[in-house]
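Heads up: the structure comes next, in structure tokens.
The values are calculated or read from the model by the stated rules, or taken from the named source; none is laboratory data. None of these values were measured; they are calculated from a predicted model. Please note: Cβ atoms are built from the backbone with ideal geometry, for glycine as well, and neighbour counts cover all protein chains shown. Heads up: the accessible areas ignore ligands, DNA and RNA and are worked out on the full protein's heavy atoms, side chains in. Shrake-Rupley method; radii C 1.70, N 1.55, O 1.52, S 1.80 Å.
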Amino acid sequence: MQFIPVSGPSITQKEIDYVTDAVTNAWYGDANIYHDKFERAFANYLGVKYAIALPSCTSAIHLSLLALGITTGDEVIVPDVTWIASAAPINYVGATPVFADIDPQTWCISAESLESYITPKTKAIIPVNLYGGMPDMDAIIAIAKKYNLAVIEDAAESIGSEYHGRKAGSFGDTGVFSFHGSKTLTTGEGGMLVTDREDIYQRVLFLRDHGRKPGDKLFYNTEVGYKYKMSSMQAALGLAQLERIEELIDRKRQIFRWYQSELDCIQGLTLNYEPVNTKNTYWMVTIIIDDKMTIEKNQLMDELRKKNIDTRPFFHPLSSLLAYEKLANTKTTVANNRYSYKISQHGINLPSGMNMDREKIIYICQEIKKILA
Ligand SMILES: *Cc1c(COP(=O)(O)O)cnc(C)c1O
């Protein structure tokens, strides 16, 4: 079997045609046509008022925090287990990330743990829809209302996921998406910030263009801002992908079902969870190995690697990383965030790219069964 990478996109003639058109025609007076189309189509898809195309999801979180006025001395709560991009922008604005535990079933932030970390300094929370799954959003939004906290929903891994009929990314003051090459919808590198709030929308447009009012023709800057813009070629790629979004999501769900039918019979393996009334888009099919099984996660990854099967470790708890070693609250979270430490230690992501097919998945699952036997 040829090497099976852990992730990758689906690119068709439509994407090639749109990007070719953008590089040929999206200049001069038409320089923004693909941004306008992509942003409008994205806002419609999500059912929100505004969408702003950006160079990354990291920049979307950074601008969300700035637009919400989060600054030095403030605390922002994030789940302990997520990609570091969910938390790093909190440091960019001089605030302090506080890491809450995850729920053992959804692997997303636990509402109970979140509430236990709230202090008078807490200003915002960043729930993350990990691997396409959804947290208990009703409980999280209720806590945010009770303590008057802003919500930035990190939907980087969850385009098309749903919670009680509502789309991922539409729950917070802002929602943020990633279009990195590994994500379900890709623009190579890219991101989107969505919001229903006119004030946030205007502030983000201003901040992402070096502190210029939208439409400014005088090149007169009233504040020092940032340069966070997407190119028209990326926007064209994004538009083509968005027009295929149902197909992309169906593919992800099919990939999960293929794995599920092969692995469900194995005692001691847990796969991604989809509670009733939610839709998981399974960005990464993930297995958690029961801690009663003798095999270590790294050993399983090494064995699969020998069979040309690429995997990734479940995200490490952020509080365990050298990057956050000096953080004041780190020491107290290790005992409190027990599910973060337990699940992360036993989880791996399986190949979930858009090029996966039934045959490859059967091969991978057979190898997993052999190794575990
Ligand atoms: C990929 C990812 C990001 C960052 O996206 P970029 O576009 O690479 O900046 C943020 N949060 C989560 C949960 C992610 O998976």
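Being in contact with a strand residue (DSSP E or B) (Cβ under 9 Å, 6 or more places away or on another chain) and assigned to a loop (DSSP other than H, G, I, E, B): is that true of PHE177 here?
Taking the combined requirement at face value, the residue does not satisfy it.
Given the options ALA67, ALA87, name the one that is assigned by TED's automatic domain parsing to the domain that holds PHE99, open to solvent by 10 Å² or more (accessible area, probe 1.4 Å), within 23 Å of the chain's Cα centre (by Cα) and hydrophobic (A, V, I, L, M, F, W, C).
ALA67
Being within 21 Å of ALA31 (Cβ to Cβ) and of a type in the set (Gly, Ala, Ser) narrows it down to one residue among GLY181, GLY188; which is it?
Going through GLY181, GLY188 in turn, the sole match is GLY188.
From GLY94, GLY73, GLY175, grab the single residue that is within 16 Å of the ligand (Cβ to nearest atom) and in the same structural domain as VAL48 (by TED's automatic domain parsing).
GLY175
Which of the following residues is of a type outside the set (Lys, Arg), assigned by TED's automatic domain parsing to the domain that holds ALA53 and open to solvent by less than 50 Å² (accessible area, probe 1.4 Å): GLY225, GLY215?
Details: GLY215 fails: open to solvent by less than 50 Å² (accessible area, probe 1.4 Å).
Exactly one of GLY225, GLY215 is of a type outside the set (Lys, Arg), assigned by TED's automatic domain parsing to the domain that holds ALA53 and open to solvent by less than 50 Å² (accessible area, probe 1.4 Å), namely GLY225.
Which ones in the range 115-129 are among the hydrophobic types (A, V, I, L, M, F, W, C), free of Cβ contacts under 8 Å to residues at least 60 places away in the same chain and in contact with a Ser or Thr (Cβ under 9 Å, 6 or more places away or on another chain)?
ALA124, VAL128
Restricting the range 151-167 to residues that are closer than 24 Å to GLU198 by Cβ and either without any contact (Cβ under 8 Å) to a residue 40 or more places away in the chain or open to solvent by 20 Å² or more (accessible area, probe 1.4 Å) (or both), which is nearest to the chain's Cα centre (by Cα)?
Across the range 151-167, the extreme among qualifying residues is ALA155.
So in the range 180-212, with the set limited to residues that are assigned to a loop (DSSP other than H, G, I, E, B) and open to solvent by 20 Å² or more (accessible area, probe 1.4 Å), which one is modelled with the lowest pLDDT?
ARG212
Could you check the range 267-372 for helices (runs of 4 or more DSSP H) lying wholly inside it with 1 or more residues that are open to solvent by 10 Å² or more (accessible area, probe 1.4 Å) and within 15 Å of PHE256 (Cα to Cα)?
358-372
Looking at this structure, is TYR228 within 24 Å of PHE42 (Cβ to Cβ) and in contact with a Lys or Arg (Cβ under 7 Å, 6 or more places away or on another chain)?
The answer is yes for TYR228.
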